[in-house]
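Q: Quick one: structure below, then a few questions.
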Amino acid sequence: MGEAAAGAGLGRWGWDDWVAGAVRPGADPGRVVRVDRGECDVVTGPGRVRVLSSSVRAQPDLAPVTGDWVEVARRDGDLVIDRVLPRRTGLRRLGPGRRSQALAANFDVVGIVAGLDRPLPPGWLERMLVMADDSGAPALIVLTKADLCADPAEGAEYRAGVAAVAGDAPIAVASAAAGTGLDPIRRRLGPGRTLVLVGASGTGKSRLVNALAGAEAVPTGPVRPSDARGRHTTIARELILLPGDGGLVIDTPGLRSLSPWDAEAAFHRVFADLQRLSAGCRFSDCAHGAEPDCAVRSAVEAGDLDPRRFDRYLALRRELAEQRARRR
Ligand SMILES: Nc1nc2c(ncn2[C@@H]2O[C@H](COP(=O)(O)OP(=O)(O)OP(=O)(O)O)[C@@H](O)[C@H]2O)c(=O)[nH]1
Ligand SMILES: [Mg+2]
Ligand SMILES: [Zn+2]
């Protein structure tokens, strides 16, 4: 079987020259659309199949995640995943057992979703931006539920708070309920392109998927009236094909804990403002603690740098350093 034939029927699922080049000749390729304990759904040229993923579970680094390209094979009568192809992009965090945990793979955009019905903690957004930067794909911040935010001044204030930490990441304001503001999201998709949606439970990720799909593709669930928190309705990461060759979306369960994994470079890019300031410190390795002539601390004292952002920077820097020390 030639490589072109291997990818037949997978074009809409993102099959391209890169994947074609990575698949071993003669292997049966597919893309993981859903992972449940020990098993996953894989879309292959001939159709969707359920395979055991336990063959690679013994090696957690190779455990397939939604969005992965894989090679499937039949072993002792069972369909199994023979190989997980290298990931072009991947979201990962500090997971159970203090190991790297992959969340999704091979997407083109990371949609960081927040609902305008409840505050978005800036520290949460910063951590999410670090994970997105580390993934290798650009971030798009999606402020959804715009229909619930009737007061324009309130909306503008919310947006300004987000923009203060967003850096270069664009911000889209949308409403899945009203179907507004979806075009800037759609423009980043298109044939074979994948958007992964991440965010806390109840922020409206699944309803956004349905709005993009124009159908009830995934279930949604109510939020607690008192604080608009969700109830963890989505339980598995799932890759959904949008109609009309509109691309693909990965819906994910609401994230509880958010610790980026091994993401020092991404951390410094997300805190580029602090990096720039530190060029003015007397010592090139200034930790912005008790050193004399620290430009970062001076900026805080002068009111040019939000002290809360500085504190969050220090906290995440410490967390990443501790993680690195434990990995040694
Ligand atoms: N008014 C309004 N409600 C929305 C909108 N988007 C989502 N909701 C509601 O918010 C609640 C949570 O939406 P979901 O899409 O289930 O949230 P989720 O982010 O997928 O939550 P998890 O799966 O738990 O992570 C549901 O009651 C939705 O109907 C919106 O644009 N406007
Ligand atoms: Mg959901
Ligand atoms: Zn300094």
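Q: Please tell me if E301 is more than 14 Å from ligand 3 (Cβ to nearest atom), free of Cβ contacts under 8 Å to residues at least 12 places away in the same chain and open to solvent by 50 Å² or more (accessible area, probe 1.4 Å). It would help to see each step written out before you state the result.
A: On the way: more than 14 Å from ligand 3 (Cβ to nearest atom): no; free of Cβ contacts under 8 Å to residues at least 12 places away in the same chain: yes; open to solvent by 50 Å² or more (accessible area, probe 1.4 Å): yes.
It is false that E301 is more than 14 Å from ligand 3 (Cβ to nearest atom), free of Cβ contacts under 8 Å to residues at least 12 places away in the same chain and open to solvent by 50 Å² or more (accessible area, probe 1.4 Å).
Q: Further question on the same structure: Identify, please: which residue in the stretch 193-243 is near ligand 2 (Cβ under 10 Å from one of its atoms) and assigned to a strand (DSSP E or B) and is, among those, farthest from V173 (Cα to Cα)?
A: E238
Q: Right, another one. Checking the structure you have, find out if any residue of the stretch 68-80 is modelled with pLDDT of 95 or more, open to solvent by less than 50 Å² (accessible area, probe 1.4 Å) and either in contact with a His (Cβ under 8 Å, 6 or more places away or on another chain) or closer than 30 Å to E319 by Cα (or both).
A: Yes, the stretch 68-80 has at least one match.
Q: While we're here: Counting only residues that are part of a loop (DSSP other than H, G, I, E, B) and of a type in the set (A, V, I, L, M, F, W, C), which one in the stretch 101-146 is most open to solvent (accessible area, probe 1.4 Å)?
A: L120
Q: Now for a different question. Check whether at least one residue in the stretch 160-173 is farther than 21 Å from P121 by Cβ, among the small types (G, A, S) and in contact (Cβ under 8 Å) with a residue 12 or more places away in the chain, and report yes or no. Walk me through it before giving the result.
A: Within the stretch 160-173, the first condition is being farther than 21 Å from P121 by Cβ, and the residues that meet it are none.
Looking through the stretch 160-173, none of the residues is farther than 21 Å from P121 by Cβ, among the small types (G, A, S) and in contact (Cβ under 8 Å) with a residue 12 or more places away in the chain.
Q: With the condition kept exactly as written, say whether any residue in the stretch 280-293 is in a helix (DSSP H, G or I) and either modelled with pLDDT of 95 or more or not aromatic (F, W, Y) (or both). Show your work before the answer.
A: Just the residues of the stretch 280-293 that are in a helix (DSSP H, G or I), to begin with: none.
Scanning the stretch 280-293, I find no residue that is in a helix (DSSP H, G or I) and either modelled with pLDDT of 95 or more or not aromatic (F, W, Y) (or both), so the answer is no.
Q: Among the residues of the stretch 224-236, are any within 15 Å of L103 (Cβ to Cβ) and either open to solvent by less than 50 Å² (accessible area, probe 1.4 Å) or within 16 Å of ligand 3 (Cβ to nearest atom) (or both)?
A: Yes, that holds for at least one residue.
Q: Going by what's in this entry, would G247 be described as more than 13 Å from ligand 1 (Cβ to nearest atom) and at pLDDT 95 or above?
A: yes
The values are calculated or read from the model by the stated rules, or taken from the named source; none is laboratory data. Note that this is a predicted model, so its numbers are computed, not measured. Here the Cβ is made from the backbone with ideal geometry for all residues, glycine too, and neighbour counts use every protein chain on show. Accessible surface is based on the protein model in full, side chains and every heavy atom, while ligands, DNA and RNA are left aside. Shrake-Rupley method; radii C 1.70, N 1.55, O 1.52, S 1.80 Å.
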